[in-house]
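Values quoted throughout were computed directly from the atomic coordinates according to the rules given, and no laboratory measurement underlies them. In this text the structure is predicted, and so the values were computed from the model without any measurement. Here the Cβ positions follow ideal geometry from the backbone for every residue, glycine too, while neighbour counts run over all protein chains shown.
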Amino acid sequence: MTRAIRILGIDPGLRHTGWGLIEQSGMRLSHVAHGVIEAATDISMAERLGHIFEAVGELARHHGPDAAGVEETIVNANPRAALKLGQARGAAMAALAMAGVPVSEFAPRQIKLSVVGTGTADKDQVKFMVQRLLPRAGDMKLDAADALACAICTAHHLPPLLRKKGAA
């Protein structure tokens, strides 16, 4: 009998951190839950990072994922913004590690390729495909769609040991 593997996807952000939880049973993916962690902009950076850390940790404790995927930070024309985004990503990854959840990291291009079929897809295309692949998810914010896309990408790249756990 195949046990479903729970996968949590995280799309980190300082103001909006998207999250999405799916289950994989064999080749079948199904939606469990999704949402957005909102961090107030009028608090210190340390408080925002603490909020992200606590919220992701609570998601891990509440939903008990077997694996997680986190979107990597793109270093673009604004290195300062990339550094701050990397801190939000680090807070989410640390929370998952503290909860004992194995974390995989994926470039945005790899996530888009995994879900849409092209690494240059825009956010609306990603959301459209996530809604087609996970019809029970319904409508969602773009950050949650990106997180569900990250979870789908993670499912496509699960390590063999975790796949065997699902088959046990």
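Observations
- When the Cα gyration tensor is reduced to axis lengths a ≥ b ≥ c, the ratio a/c is 1.5 or higher for region 34-81, and with a/b not above b/c it is classed as oblate.
- Extreme residue, positive dipole direction of region 17-100, given options Ala60, Gly100, Ala77 (C-beta unit charges): Ala77
- The HN-Hα couplings worked out from phi for region 138-148 by the Karplus form 6.51 cos²θ - 1.76 cosθ + 1.60 (θ = phi - 60°) are x, 7, 7, 6, 4, 5, 5, 4, 5, 5, 5 Hz, whole numbers, x standing for Gly and Pro.
- Rounded, prolate or oblate (a/c below 1.5 giving rounded, otherwise prolate when a/b exceeds b/c) for region 3-136 by Cα gyration tensor: oblate
- DSSP bridge pairs, the chain: antiparallel proportion in percent, nearest 5: 70
- With each label modelled as a point 7 angstrom along the Cα→C-beta vector, the Glu58-His156 pair spans 3.2 nm.
- At R0 = 30 Å, FRET efficiency that the Cβ-Cβ distance of Ala40 and Gln125 yields, to 0.05: 0.45
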